[in-house]
Amino acid sequence: MIQLMVPKSNFDAVSSLINSKVKQMEIVVSPISLTEISKAIFTITTKKFLKDLTIAALSDPKRYHHLYEWGDVGKENRKLFLLKRSSVKYGNLTIDIIPLKSTKPVPINPALSNPGPTGKKVTARSIFRNKMEIMEENNPIHMVTKKTIVFSADGTNMVFVPAGRVIDIANPGGPKTTHALRDFSKIWYDTKAPIVINNSRLIQQIGNEVAKIINTQGSSPEMVYKSIKRVTSNYSQDRDVV
């Protein structure tokens, strides 16, 4: 019979190795790692969000026309808002919607651009700078005319309003634009975002890279974190506004 006793020092070495690997695994769910992962999730989700919003806007322009410049519904490079990554601390991702000022003149109704009985037609053009914000929030418009203005409610007949008259517009964007972007974003992030994140393979890529590092002799928590940051940077591209 042969008896063999493993030295206690060997057990200590194995225990130390296991503890080291456990600490390396813990870095994956640490605040600093979760922050980097959230940065990547911001870029992944906003890209898909804007594409889906484009589709929605083109299919229902009366609801989403205010989110883009006049005549440019569905064109991402002509949108009147920004999505800003306002916070990613410890994995808590917060995205703010920042309204932009319109710079394109309001189109003249065709009925107003044709000469009337006197031969005159509307040529003056104005810019509705807060178009997106006012229509999204359904903020009523109250104004006093500085000169005679003309508009057409039905696209055929012209209405003249002299200077000094008060004009109140209760629903400046129409009944459908109120909170259209807010509602779309809430539903989208509740239902579509998890699918988009999963399809991106971000988490799988992180898992693969972390596994490679941990299985390397002499690995450390710092090496694990660097591998996570390397993967997430490829996704996030350090973008905090889109």
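The values are calculated or read from the model by the stated rules, or taken from the named source; none is laboratory data. A quick note: this is a predicted structure, and the numbers were derived from the prediction, not measured. For neighbour counting, all protein chains shown are included, and Cβ atoms are generated from backbone atoms with ideal geometry for every residue, glycine included.
Brief remarks follow.
- The range 26-37 residues that are within 15 Å of residue 93 (Cα to Cα), paired with ones that are part of a helix (DSSP H, G or I) and polar (S, T, N, Q) (beta carbon under 6 Å, 6 or more apart): 36/232; 37/232
- Near pairs, Cβ below 7 angstrom, 6+ apart or cross-chain, from the range 53-72 (under 15 Å from residue 135 (Cβ atoms)) to any residue that is polar (S, T, N, Q): 63/177; 66/177; 69/102
- Failed condition for residue 131, given (1) in contact with a strand residue (DSSP E or B) (Cβ under 8 Å, 6 or more places away or on another chain); (2) modelled with pLDDT of 85 or more: (1)
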